[in-house]
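Engineer: What follows is a structure written as structure tokens; I'll ask about it next.
What follows is calculated from the coordinates using simple rules that are stated; it is not laboratory data. Note that the structure is predicted; figures quoted are calculated from it, not measured. Cβ coordinates were reconstructed from backbone atoms using ideal geometry, including for glycine residues, and neighbour counts include every protein chain displayed.
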Amino acid sequence: MANMVPIGSLMKRVKDRPETTISLFQALNTSRTTVGTYFFTPSIQEFFEKILGAAGSKHGGGYWVQAEYGAGKTHFLATLSCLLMDTSEELWNELKNESVRNCRRRLEGKKLFPVILSLKGEAGVDKADNLLNVVLDQIKEELGDRNLSGKISITTEDELINWYETRSPEVKNPIDSYIEKQSGGKTKSLSPKTLASLIGQYCQENIGGPPPITSSTKKRIAHIYNQLLDSGYDALLIVIDEFEAWQRRHAVDTAESAQDEEVLETLAWVLPRDMNLEIYTIVASQMEAPAKLRGDRFINLRLLANEQDYEIIVSQRVRELIPENQPEVAQYYEYYWKEFKFLKNSNREYFYQIFPFQPRCFEVIRHITERELPTARLGIGVIYDCLGDSEILSRTNLITVNDLMVSKELVDAMGTTSYKDPYNAYLAGMNSLSDFSLDDEELSLAKWLLTTLFLWHIAYLDTPRPMSVLELTEATLTSGDVIKGEDLVEVVLEKLRDLPQISYRKDKGARFVVTREGEAKPAQIFMSFQKKITDISQIQEAWDKGLLLQPQETGGEESFFSGYKFDERKRATVEFRKLEYPGEVIVTRRWRAEYGENVTNDLHFRIVILTGPESIDVKEIKDFRIGVCVPSSLTEAARDAARDYLALSEMEEAYRDKTGSEAEQIRSWLQSKRPEVVRDLLRKQLGIYRNGTIITAHQLGIVEKNVFLLNKIDKVLDQLVPTILADAYAKPVVDSQLFKKNFSGREARNVFEGLFKKANVPAATSACINYAPALKLSTTDKPTKFNPSPNKVFELIENRVKAGEVQIWKLFEELHNQGLTNELINLYLLAFVRNGKPNVEISLRTGHSQPVDKITSFNIPQVNWRARLEIILDTLYPSSEESWNDILPFAKIVNPNLKMATAPDDVTDQERQLLQVLDDTKNQIPRIIENLRILYGKLAEDIPESKIEVIEKIKEITDVKNYGEFYAPFKDKDEYPDENAFRAKFDEFKKLKAIADQSTEIVTMKSYLNEVVLPEENTLSGDLLTIGARLKLNSLVENPTLAGSIKGQFRQFKDSYQNQYQIHHRDYYKTLKGLFEKVEEADAKIAAIIRLDKILESEPSLGKVLEEHHKDLATRVVPCPNKDPVSVENSPLCQGCRLTLTAMPPKEEVEEFLREVGKGLKSNAKKMSQALTKTILEKDSGKKLDKLIKIIQVSDLVKLSEMLSDDMVVYIKKLFKEAKVITESIGVLSRIRERFAYVDEENVDELIEAFKDELKEALKEAKKKNPGKKVRISLQ
């Protein structure tokens, strides 16, 4: 940089400060300046060419110019409007873009009528107003400026007045008279609005409607357009600026916004496309076009969509490069391209266009100015101010983000509400920087960083985002001769951790924090606490405490010994030679002699870690498997970290119970400070152990730096313990290196179950494959078959057994020191017993939960592998167990397929077969008992207790886990003198089982026979009695073979019975079908009887009685749902109808019923004939009753049933009502029966006279009750 020329020598700032807020109308009035100062980027050039080209081709349309605040959209509109309104060569020569300048030829001589307006000032108009009115008002104003007022009608009022003024006197005179009458004055004295209103009223009242003027938006604009063409214009140009103000005023999906969209769509799409009108509509807004206007309606033009457009335009407007100094500018490019990354994707031309600015300046100032705040228009001004600062211009580096604060205009804008708090926090931060231990260079960088982060914060105020160290290095252009720029930035950020205005985390970057007044105080208090701590012992104690911090105290991170306590023996596991070895770890502040004692129990190592330096006597370490880690003294950095942690803890304690806002603020600061302090402390812990010493009994010379690679205790153990165990177990009895995978405690169980329990599970099979051959317990070709080969462990155990009984704990202690884990020793010990060479047993301690009393060669498969199995193993000694061949005679009674065997696997196989049969028998016993109880119950017999006792005895024998338990009952010679006694009992059991197995068939036979119903003297009656007599359970139990002959006899009976039943069923329902049809035929007749009852008003109704009888018969003559021949395989009766062989169809009852129906219909027909008197027939004007009368006269009951419908019943009752015929039931016959109990020759005449008197009296009574009507007496 020393050879660089100051940037002030390579360019010059423009003389006049660029306009930051351009007035659209002022810019139009100064067209040459507007056009001459406009700078074209490639995208803006494309937009101009698109619009100018469309105008040259006479293709009207709409263009939506979208741009953020300060993006230059007003200048864009003004320049474009000037060029479209004035195609003179003089104006177009002011353009600095030749390509755009060439568009003039196609536009030369074209005359556009301009309608240019800004809606910013229209936002206060009455809500009843709309966009069309604003446009029309502007057209009207423009017509006035061009001396066209009154020549072109714009509004509806204009058209009404124009129509009125162009009428003939014959039409106009009546209108004048009407207006003078209504207003009381002459038409010339009235305002246009009043005059137009009265003209409209006249038309409505006198000519039946409005005059022929335009009404829709489309017609009105087209009407204006056509008038403009007549006035010499070629096209209409409508430019609307600040449309966002209008959009915000008219919310989306309201009637107002819909009206706005309709106006714009008409201007930009409907009129140019549907009517070929040359109208150009250009709308500018910060917001995007409404959904309805997007796509083809309006072509979207996004200004400065390319970020470089903004950077280039701003640079071009504020400075000019001195052409002859371009080589010096190139030197800047080459330096920054080499040293930094921000130019890696940019070319030299771009660098020239934005020189002397680092691109991040434009990103920041653009985002600050894009919001609608006072800063919205000051972007170019801030950049301009930077180029006026002499200190900046004298430098030999680019202008960076922090340089923007030299602008007074930017600083003044910080008083805005949105920026006030961040700016005050920034000033407080700048004032606090002197409190930090920073040299001059670091202080300067600190100010740049703070300023950059502050401006970055307000640039992204709505969406905060941090900056990485690399981004800050690039933004501040920090570099160094010795230390990289990124490292310098990170060093300063680390030193500023206590500055409240900066939050920094390496993984998340740095960000500016807005603090309130007084928030810097906690950092200063913290520093005072730090300075008070000078006692080394206090610092060491804080260091020690930090080593044990838990994640909940650190915010989730783990300290070196997280989860440990001082002097606590904590178990750990380490893999060595593919074996997982358990051990213990002790973290302590002081060495104790007990830590050097021998490692015992199931542990294989002990690691003692001191928290501070201490001298250890190697002689105190008595076990080769012990390692002692002694750290170095604390480094200065470690002490500082411990001091910070202690200061933080003391400050937290001091303010824990204090009240007030200040105390609350400090506690909040401490809460945010704690993660940083703790994280720094944790990072220092590993270093003092890397520089310490590791001591062992054999002084192995372990390199500490190779052990303490990571700040994780388990990783340290993985490095340290294998070295110690390799020395302690130099001559292993098992070559575990042959294992295919690491061996853990659970794998010992899997190998055991795979070899001895034949567990058909993937884990057991996989374990046998991976480990059993290497342990020499099986072969590689058959890894799951126990087949041990000579090995050192078996040899050692055998030697100990030869000397007598072996205490298991002594055996474990010896093998433990040979490098075997407890799980491996358990596995080898059980395998040794199983091998049977020699035949030994293991006694178990009292209180064990194993299913066996002792462990023998033959019950190994029954042993349950449990964690710490060794604690129940007592003594290993020679076996006294019975052999398989001793129990074989009894076992063969249960399973005749069993054979003699001597080898453990063969014995195991035979035992498995025995136990399988016993288990199957045991599982069948509950079913056998249940079936027998059901059988005895169904056959009504009592089950003998002796039979139950036999079953219970067999159940006891089957409920065993090994052949030894099976044989135990036979040692009682009183009950079982020999195997024949057991055979007799087992044979009896088999008989009971045989009958129980046939229980379903026997019960089915019994149930079937119980349901059979036979007619008297049936040929099958004898067979039925015989089979029933033979079905006696006690006889069957003694001789189960009888069941077969009984089943055969039953089959024959059922076949014969089925033939009889199927014939009976078929014939029965064949007869029933005929009866069913006859009963169904009676249905119509019964309906006719019921209808006649209604007409005759008969009580009680004969038809109803017959109907109930019909329903009853109908249910008893229904066909069976099953088709013949029906099956009686499972039941002696058809399942569809349950018909018995004794059942007969109700033939006589049906015939009697049909006679009653015929008789009843005939009787009612006769009564009906009598009821149809002359008076009633005279009412039958339509002669509907003629046919009915004829049918009754000929007694055609079938046709009577068909003709007598519900409608006919209603019709006849209507005639009765019209004839005023009333039928009364007075009970004349009842009265006669009361007077004459009997009739003989002597009292016949008397009875006739009495009957006559009663009838007269009844008629008299009925007439009195029904005056004016013809009455009849019912004798029913």
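Engineer: For the chain, what is the charge dipole size about the Cα centre, in debye to the nearest 20, if Lys and Arg each add +1 at the Cβ and Asp and Glu each add -1 at the Cβ?
Structural biologist: Value, rounded to 20: 2740 debye.
Engineer: While we're looking at this one, here's another question. Using the Kirkwood formula on the Cα atoms of segment 206-319, what hydrodynamic radius do you get, in angstrom to one decimal?
Structural biologist: Taking the inverse mean of 1/r over all distinct Cα pairs, segment 206-319 comes out at 16.8 Å.
Engineer: Taking square-rooted eigenvalues a ≥ b ≥ c of the alpha carbon gyration tensor, is segment 154-214 rounded, prolate or oblate, where a/c under 1.5 means rounded and, failing that, a/b exceeding b/c means prolate?
Structural biologist: rounded
Engineer: Once you measure Cβ to Cβ distances between cysteines in the chain, which Cys have no partner under 4.7 Å?
Structural biologist: Cys82, Cys103, Cys203, Cys361, Cys386, Cys629, Cys768, Cys1134
Engineer: For the modelled label position 7 Å from the Cα of Asn1266 along Cα-to-Cβ, which residues of segment 1081-1099 have backbone nitrogen atoms closer than 16 Å?
Structural biologist: Counting only backbone N, you get 1093-1099.
Engineer: Sorting Glu1249, Glu409 on the 10 Å Cβ count, fewest up front, what's the list? Each step should come with its number before you reach the end.
Structural biologist: On the way: Glu1249 10, Glu409 17.
Lowest count first: Glu1249, Glu409.
Engineer: Please work out whether segment 343-428 counts as rounded, prolate or oblate from its C-alpha gyration tensor, where a ≥ b ≥ c are the square roots of the eigenvalues and a/c under 1.5 means rounded, while otherwise a/b larger than b/c means prolate and anything else oblate?
Structural biologist: It comes out prolate by the Cα gyration axes.
Engineer: Hey, another quick one. Shape verdict for segment 887-997, please, from the Cα gyration tensor: rounded (a/c under 1.5), prolate (a/b greater than b/c) or oblate.
Structural biologist: Prolate is the answer for segment 887-997, as a/c is 1.5 or above and a/b outweighs b/c.
Engineer: Per DSSP helix of 4 or more residues, -39500 (n - 2.57); summed, then divided by the residues of the chain. What does that give at 222 nm, rounded to the nearest 500?
Structural biologist: Rounded to the nearest 500, the figure is -17000 deg cm²/dmol.
Engineer: What FRET efficiency, computed as 1/(1 + (r/R0)^6) with R0 = 35 Å and r the Cβ-Cβ distance, is obtained for Ala251 and Gln671, rounded to the nearest 0.05?
Structural biologist: The formula returns an efficiency of 0.20 here.
Engineer: Also: Sort 809-817, 958-966, 843-851 by packing, meaning the average of other beta carbons within 10 Å per residue, with the highest value first. Spell out each step's value before the answer.
Structural biologist: Details: 809-817: 16.1, 958-966: 18.8, 843-851: 11.9.
Going from most to least packed, we get 958-966, 809-817, 843-851.
Engineer: Calculate, for Arg679 and Thr417, the FRET efficiency according to 1/(1 + (r/R0)^6) with r their C-beta to C-beta distance and R0 30 Å; round to the nearest 0.05.
Structural biologist: The calculated FRET efficiency here is 0.25.
Engineer: Now for a different question. Give me the one-decimal nm value for the distance between modelled label points at Lys341 and Asp978, 7 Å along each residue's Cα-to-Cβ direction.
Structural biologist: It works out to 10.0 nm between the two label points.
Engineer: Mean Kyte-Doolittle of at least 1.0 and a Cα length of 27 Å or more along the axis: which whole DSSP H helices of the chain meet both?
Structural biologist: None pass (Cα extent of 27 Å or more, hydropathy at least 1.0).
Engineer: How would Arg105, Arg220 line up from fewest to most surrounding beta-carbon atoms within 10 angstrom?
Structural biologist: Arg105, Arg220
Engineer: Sticking with this structure for a sec: Of the listed peptides 415-424, 678-687, what is their order by residue-averaged count of other C-beta atoms within 10 Å, with the highest listed first?
Structural biologist: Highest mean packing first, the order is 678-687, 415-424.
Engineer: Follow-up question, since we're still on this one. Suppose every K and R has +1 on its Cβ and every D and E has -1 on its Cβ; what is the size of the dipole of segment 887-997 about the Cα centre, in Debye to the nearest 20?
Structural biologist: For this selection, approximately 280 debye.
Engineer: So, one more: For the residue pair Ser1035 and Arg589, what label-to-label distance in nm results when each label sits 7 Å from Cα along the Cα-to-beta-carbon direction?
Structural biologist: Placing both labels 7 Å beyond Cα along the Cβ direction yields 9.9 nm.
Engineer: Hey, another quick one. If you add up the charges near Lys802, with Lys and Arg at +1 and Asp and Glu at -1, over every other residue whose beta carbon is less than 13 angstrom from its beta carbon, what do you get? Write down the numbers at each step before the final one.
Structural biologist: Values: positive: Arg800, Lys837; negative: Glu795, Glu798, Glu805.
Combined, the nearby Lys, Arg, Asp and Glu give -1.
Engineer: Give me the lysines in straight-line cross-link reach of Lys218: C-alpha distance below 19 Å, same-chain residues under 8 apart excluded.
Structural biologist: Once the sequence-local lysines are set aside, what remains near Lys218 is Lys140, Lys292.
Engineer: Further question on the same structure: Need the full-extension length gain, Arg845 to Glu98, defined as separation in residues times 0.36 nm minus the C-alpha distance. One decimal, nm. Numbers along the way, then the final one.
Structural biologist: Values: separation 747, 0.36 × 747 = 268.92 nm, distance 10.70 nm.
Difference between extended and current length: 258.2 nm.
Engineer: A follow-up question, please. Expressed in nm to one decimal, what extension gain is obtained for the pair Asp1207 and Asp1253 from 0.36 nm per residue of sequence separation less their Cα-Cα distance?
Structural biologist: Gain on stretching Asp1207 to Asp1253: 12.7 nm.
Engineer: Could you work out how much longer the chain between Asp439 and Glu558 gets when fully extended? Use 0.36 nm per residue separation minus the Cα distance between them, nm to one decimal.
Structural biologist: Stretched fully, the Asp439-Glu558 segment lengthens by 39.4 nm.
Engineer: A follow-up question, please. Cross-link partners among aspartates and glutamates for Lys731, C-alpha distance below 15 Å, same-chain residues fewer than 8 apart left out?
Structural biologist: By straight Cα distance, Lys731 reaches Glu814.
Engineer: Which one is right for this structure if Kirkwood radius over Cα pairs in Å is calculated from it: (1) 43.2; (2) 34.3; (3) 47.9?
Structural biologist: Calculated Kirkwood radius over Cα pairs in Å: the matching label is (3).
Engineer: Give the aspartates and glutamates reachable from Lys578 as a straight Cα distance under 19 Å; neighbours fewer than 8 places away on the same chain don't count.
Structural biologist: Counting by Cα, and skipping residues close in sequence, Lys578 has these aspartates and glutamates nearby: Asp602, Asp714, Asp718, Asp727, Asp735, Glu747, Glu823.
Engineer: Restricting to the chain, compute how many DSSP beta bridges are antiparallel as a %, nearest 5.
Structural biologist: Bridges in the chain are about 45 percent antiparallel.
Engineer: Say each of Asn598 and Lys495 gets a label point 7 Å from the Cα, pointing the same way as Cα to Cβ; how far apart are those two points in nm?
Structural biologist: It is 6.1 nm.
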